[in-house]
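To start, the structure under review is shown below, and the notes come after it.
Just so it is clear, none of the values below were taken in a lab; they were calculated from the coordinates. Predicted, not measured: the structure shown is a model, and the values here were computed from it. Note: ideal-geometry Cβ built from the backbone for every residue, glycine included; neighbour counts use all protein chains shown.
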Amino acid sequence: MPSTVTEMAISLWKNLLQTTKERLLQQRRMSLYNGAHGYEEELIKKKLQQFAGGSINLSKEDNGIGILTLNNPKLMNAFTGTMMLELQERVTELENWKDGKGLIIYGAGNTFCSGSDLNAVKAISNSQDGMNMCMFMQNTLTRLMRLPLISVALVQGKAVGGGAELTTACDFRLMTPGSEIRFVHKHMGLVPGWGGAARLVGIVGSGAALRLLSGAARLDPESALRLGLSEETLSSSDETGALEEARAWLSGYTEGPASVIRAVKEVVTAGRELPVEAALRREKDVFGTVWGGPANLQALVRRPKHK
């Protein structure tokens, strides 16, 4: 039992802090869809499991930056059924990575992602299966977007269809010379189904999003930069060089304690997704996790000057 009033206050504060952190984690993992929406997650998982190939690999570096690699270069890193399942698993792993600060997503073999493997798409072409796959991927990519990590899509080669949608689930996009982003859904008789349309509107605005979706235009690095879809065009075209450039770019935003970087991402996510009153309450909760924390106390001792 705490022996002093101070120790009791500290104990209560720690309990409140832990409760707040657990609540924030639960909110990030919250599913968009459930049985009330006709969503049958276990059923679609079993069907996706039948279409194997490729992999989603994750490495976590000591500097708090994770590297998520789409690895199916024979099919331009198209998502097979098992890759969709693995993406969900990797997102869960990232949600549990307490020391993480940043994330780079890229494709093996100098190309980003060509969307869905058409063999899997054809096999689950009935309406109910299609809707379940749509809800499954929307859930996964929404959780990816809500991670308290600053995320970057490193676009090499082509990011088309579902690959273009995946880039919009990241906070930023970096492109290499000769790469392109293209929403080709119209040519497939479709609209985006992984949340890409809604996210694209948030990034470039409704007018530009309508032009990109209805025109199915190829966006080269210069056009993407002009629209605000890309942050920067890298100088390297090869995989190793581009990845190093992306690491260096991201490190400019992930420098500092993980608790602070993650808190910054949390409050921005709240401001983007929630009505203002709810966003303010969420900001208050996140503020409470860093106020009086080690980084805050060290800064008070250092008395940094902001030039």
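Tabulated data
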item	result
Cubic angstrom per residue, convex hull over Cα atoms of region 56-105	59 Å³
Mean separation of Cα contacts under 8 Å (6+ apart) over length of region 35-252, as relative contact order %	17 percent
Largest to smallest principal axis extent of the C-alpha atoms in region 119-168, angstrom	36, 27, 12
D (Stokes-Einstein, µm²/s), Kirkwood Cα radius, the chain, 0.692 mPa s at 37 °C	159 µm²/s
Region 142-151 - phi-based ³J(HN,Hα) in whole Hz, Karplus 6.51/-1.76/1.60, Gly and Pro as x	5, 5, 4, 5, 8, 4, x, 10, 7, 10
Radius, Kirkwood style, for region 146-222 when every pair of distinct Cα atoms is counted (Å)	12.5 Å
Packing rank of 151-158, 130-137, 203-210, where each peptide gets the mean count of other beta carbons within 10 Å, highest leading	151-158, 130-137, 203-210
Crossing angle, helix 276-290 versus the chain [Cα axis fit, 0-90 degrees, rounded to tens]	60 degrees
Helix 239-254 axis, angle to the chain major axis (alpha carbon atoms, nearest 10°)	30 degrees
Simple spin-label estimate for L225 and E41 in nanometres, 7 Å along Cα-Cβ	4.2 nm
Estimated FRET transfer efficiency (N126, T4; beta-carbon r; R0 51 Å; 0.05)	0.15
For region 40-138, the spread of Cα positions along each principal axis, largest first, Å	45, 29, 17
Inter-label distance, nm, simple model (7 Å from Cα along the C-beta direction), K98/A52	3.6 nm
Separation in nanometres of the label points that stand 7 Å from Cα toward Cβ, at N71 and S31	2.9 nm
Exceeding the 30 Å Cα-Cα cut-off - candidates K46/K284; K101/K305; K45/K186; K47/K158; K74/K98; K122/K265	K46/K284; K74/K98; K122/K265
